[in-house]
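See structure below.
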Amino acid sequence: MKILVCIKQVPQKDAPLKLNDAGTWIREDVSYEVNEPDAYALEEALRQKEKHGGEVVVVTAGPARSQQVLREALAKGADRAIHLEDDKFATLDAANIARALAASIAGEEFDLIVTGLQSDDFGYAQTGVLLAEVLGWPHATIIIGIEKTDSGLRLKRELEAGRYQHVDVPLPAVLTIQSGINKLRYATLIGIKQAKNKPLRKVALAEVQSAIGDNLQKIERLYVPQKTKKTEHIEGSAGEIAKKLVDKLRNELRVL
Ligand SMILES: Cc1cc2nc3c(=O)[nH]c(=O)nc-3n(C[C@H](O)[C@H](O)[C@H](O)COP(=O)(O)OP(=O)(O)OC[C@H]3O[C@@H](n4cnc5c(N)ncnc54)[C@H](O)[C@@H]3O)c2cc1C
């Protein structure tokens with residue numbers, strides 16, 4: 001199978017985040033890492049290739065710094081990479097990211113595209129589904145199991161409350177992968193060495209500009225929610241207090 005893996009670079013989970021001057025995003029001087037669900041998507045693609053042969057290609061759309069995630073993927077065993085390189089790519093909404101990714105692989109006949117379920121920073125969980133729409137392919141989300149069949153793929157999807165759904169999809173298709181589907185491998189020293197010589201195709205913004213439109217959603221303001229300390233005394237018997245508390249947790253704070 002010829003598999004494309006979409007990998008996004010995101011701020012490190014424990015990076016100290018500060019707002020930029022415009023208050024529209026975080027300051028960029030933080031450490032970055034591979035978006036966690038994408039690491040599982042890559043691992044799954046490499047396992048499918050080991051089982052069924054084929055090729056694994058990785059792609060990212062982002063500033064020069066995001067080449068880091070492609071190098072890591074090549075060191076783990078991906079065969080080649082595509083870098084849509086421009087600062088603008090970091091600020092496109094999910095629909096335009098999907099269009100740009102689709103335009104960058106025009107002419108390449110992939111059997112399967114895997115993305116992470118969602119990004120750890122914005123978490124729209126949209127890009128994979130929108131990419132399928134742009135390509136006119138079937139898609140399935142929240143995947144925690146993949147088996148190749150004669151007619152395509154048999155998939156296990158994670159639902160609520162510990163339930164699962166099994167679905168069959170024909171190929172080509174787009175899948176959004178849930179973290180934990182497999183056990184991540186580490187890059188070997190040989191893999192890191194070989195990664196330097198593996199093909200990495202650069203795609204400039206101008207090459208996919210015609211496929212991109214205006215952002216359909218815009219970030220107005222990003223701010224740290226203000227903690228308001230309000231202590232309320234609940235009066236009554238133990239039973240009454242318990243009832244009132246559950247009511248507040250359920251209907252006011254909506255945590256139950
Ligand atoms: C400074 C700044 C300004 C922004 N302004 C806006 C704005 O005005 N409007 C807006 O909607 N968004 C804006 N964004 C958010 C942004 O660009 C989102 O990251 C993008 O829309 C994708 O959504 P997501 O990250 O939630 O991805 P999801 O939809 O959650 O991603 C799911 C999966 O898609 C794949 N994927 C997602 N992005 C990429 C990528 N770049 N390369 C490769 N694979 C990818 C990954 O596999 C990922 O796991 C801004 C971001 C920044 C940093």
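The values are calculated or read from the model by the stated rules, or taken from the named source; none is laboratory data. Treat the numbers as computed from the prediction; the structure is a model and nothing was measured. Here the Cβ is made from the backbone with ideal geometry for all residues, glycine too, and neighbour counts use every protein chain on show. We work out accessible area using only protein heavy atoms, side chains counted, and drop any ligands, DNA or RNA first. Shrake-Rupley method; radii C 1.70, N 1.55, O 1.52, S 1.80 Å.
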task = Please verify whether the range 141-153 includes one or more residues that are within 16 Å of the ligand (Cβ to nearest atom), open to solvent by 50 Å² or more (accessible area, probe 1.4 Å) and at pLDDT 95 or above.
result = no
remark   = Given (1) open to solvent by 80 Å² or more (accessible area, probe 1.4 Å); (2) under 26 Å from Val59 (Cα atoms), Leu175 misses just (1)
request  = Name the strands (runs of 3 or more DSSP E) wholly inside the range 137-256 in which the number of residues that are touching a helix residue (DSSP H, G or I) at 6+ places or on another chain (Cβ under 9 Å) is 2 or more.
outcome  = 139-149, 173-177, 200-203
query = Which of the strands (runs of 3 or more DSSP E) contained wholly in the range 29-109 include at least 3 residues that are near the ligand (Cβ under 9 Å from one of its atoms) and under 17 Å from Leu200 (Cβ atoms)?
reply = 55-62
query = Out of (1) closer than 28 Å to Ile146 by Cα; (2) in contact with a helix residue (DSSP H, G or I) (Cβ under 7 Å, 6 or more places away or on another chain); (3) open to solvent by 10 Å² or more (accessible area, probe 1.4 Å), the odd one out for Lys51 is which?
reply = (2)
message = Among the residues that make up the range 194-206, is at least one of them open to solvent by 90 Å² or more (accessible area, probe 1.4 Å) and within 23 Å of Arg99 (Cα to Cα)?
response = yes
ask   = Just one of the numbered conditions (1) small (Gly, Ala, Ser); (2) within 19 Å of Leu46 (Cα to Cα); (3) more than 7 Å from the ligand (Cβ to nearest atom) is not true of Gly128; which one?
value = (3)
task = For the range 131-139, state whether one or more residues are closer than 22 Å to Met1 by Cβ and without any contact (Cβ under 8 Å) to a residue 12 or more places away in the chain.
result = yes
query = If Leu153 satisfies every condition in (1) more than 15 Å from the chain's Cα centre (by Cα); (2) farther than 22 Å from Gly53 by Cα but one, which is the exception?
reply = (2)
key: Top-ranked residue in the range 220-256 [being at pLDDT below 90 and among the polar types (S, T, N, Q); ranked as least open to solvent (accessible area, probe 1.4 Å)]   = Asn251
inquiry  = Suppose we filter Ala73, Ala90, Ala15, Ala41 for residues that are modelled with pLDDT under 95 and within 17 Å of the chain's Cα centre (by Cα); which single one remains?
reply    = Ala90
message = I'm trying to understand the selection: among the residues of the range 110-125, which are touching a residue at least 12 places away in the same chain (Cβ under 8 Å), in a loop (DSSP other than H, G, I, E, B), within 30 Å of Leu17 (Cβ to Cβ) and open to solvent by less than 50 Å² (accessible area, probe 1.4 Å)?
response = Leu117, Ser119, Asp121, Ala125
task = Those residues that are more than 22 Å from Ile97 (Cα to Cα) and near the ligand (Cβ under 10 Å from one of its atoms), I need them from the range 1-28; list them, please.
result = Asn20, Ala22
